């Protein structure tokens, strides 16, 4: 779609709509005054967030306290453990990633989304693939109000030659530095989480040694009718650990706790850390991944970069041998990492239903 024209209803008919070449960002830029949300993006019966004096505050973990070797460390480790059990998401402050690098990343990602659509489509999602710039349909046939760019960045041999290596040089260089810092940060965090769970360090390190690393850049354009769309459909992360950086200070993240949705307002100096489904499985249900979604803003765009870490494809996904015994039998099945990913994308189930799929049923125990 060229920048000199606008979208019409015909562009969104079942036969004409091509999600691989479509940009919500451009749709908003070209929108006429009487603009209406195209049907592939309209969602009804959305549950509004709970707003009251009892709205829980998002937990904050201080990385600098975890790195100490005194009582402050023990207190913060206990807080981390309780947070992963009760919430499955937290804000991480004093994380050690330099503000200059984060500012550089913000600039580079914003510059990428300022590129003409024709330039961004050089990285479009190809038929039968999941990586690249673009979108894929949800299980209900709807699309999220977002333009994303998903890339596997580790192991190096899994990098698609037409994606990460072909990024604008300045963005690629900055992203390499950022990913290196996030890998070091995630390694420390996972080590502390394993310590709190009393999982052997060797088993913990083997879980994500040369693991699958992916990055997701996301641009959520402003929406004139934000109540009619979803920036990101409710889901829990299928990964081991997710670290999100909200680049431009625009909130939109909501989390589901005790059956209610709550806004998760992010400290601008913090990174947001999610416990993934794999960690819930690995801890045999001690830690919990959190169901979350993204709503849209009527006036401003929201830009994020998400770092996802999972075990390598040769590993198995299943409860840690350190946490299961006769009194604490495994709650989840054990499958190969590659099979775990394949089934997730084949089944197209959302919310936290994939965890239910992985859960051992009474019939499997012979009960």
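The values are calculated or read from the model by the stated rules, or taken from the named source; none is laboratory data. What you are looking at is a predicted structure, and each value in this text was computed from that prediction instead of being measured. Here Cβ is always computed from backbone atoms with ideal geometry, including for glycine, and neighbour counts include all displayed protein chains.
Numbers below:
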| read-out | value |
| --- | --- |
| In segment 57-78, residue surrounded by the fewest Cβ atoms within 10 Å (Cβ to Cβ) [restricted to those that are touching a strand residue (DSSP E or B) at 6+ places or on another chain (Cβ under 7 Å) and not in a helix (DSSP H, G or I)] | 60 |
| Residue list for segment 315-353, restricted to those being touching a helix residue (DSSP H, G or I) at 6+ places or on another chain (Cβ under 8 Å), at pLDDT 90 or above and part of a helix (DSSP H, G or I) | 340 |
| Residue 287 being within 19 Å of residue 205 (Cβ to Cβ) and crowded, with 19+ Cβ neighbours inside 10 Å | yes |
| Residue identified as under 18 Å from the mean Cα position of the chain (by Cα), under 17 Å from residue 61 (Cβ atoms) and modelled with pLDDT of 90 or more among 239, 187 | 187 |
| Count of residues meeting criterion [at pLDDT below 95, surrounded by fewer than 20 Cβ atoms within 10 Å (Cβ to Cβ) and under 20 Å from residue 307 (Cβ atoms)] in segment 206-224 | 2 |
| Within segment 229-270, tally of residues that are outside any strand (DSSP E or B), closer than 16 Å to residue 350 by Cα and touching a strand residue (DSSP E or B) at 6+ places or on another chain (Cβ under 6 Å) | 3 |
| Unique match (being free of Cβ contacts under 8 Å to residues at least 40 places away in the same chain and over 23 Å from residue 288 (Cβ atoms)) among 96, 128 | 128 |
| Any hit, segment 248-265, residues being touching a residue at least 60 places away in the same chain (Cβ under 8 Å) and under 22 Å from residue 164 (Cα atoms) | no |
| Odd one out for residue 141, checked against (1) at positive phi; (2) at pLDDT 95 or above | (2) |
| Count of residues meeting criterion [within 12 Å of residue 284 (Cβ to Cβ) and part of a loop (DSSP other than H, G, I, E, B)] in segment 354-367 | 1 |
| Out of 133, 143, sole residue that is part of a loop (DSSP other than H, G, I, E, B) and crowded, with 20+ Cβ neighbours inside 10 Å | 143 |
| Flag for residue 227 being more than 29 Å from residue 39 (Cβ to Cβ), more than 11 Å from the chain's Cα centre (by Cα) and either modelled with pLDDT under 95 or buried (at least 22 other Cβ atoms within 10 Å of the Cβ) (or both) | no |
| Residue in segment 87-109 that is surrounded by the most Cβ atoms within 10 Å (Cβ to Cβ), counting only those that are assigned to a helix (DSSP H, G or I) and more than 19 Å from the chain's Cα centre (by Cα) | 108 |
| Among (1) in contact with a helix residue (DSSP H, G or I) (Cβ under 7 Å, 6 or more places away or on another chain); (2) modelled with pLDDT of 95 or more; (3) buried (at least 20 other Cβ atoms within 10 Å of the Cβ); (4) more than 22 Å from residue 310 (Cβ to Cβ), the one test that residue 170 misses | (3) |
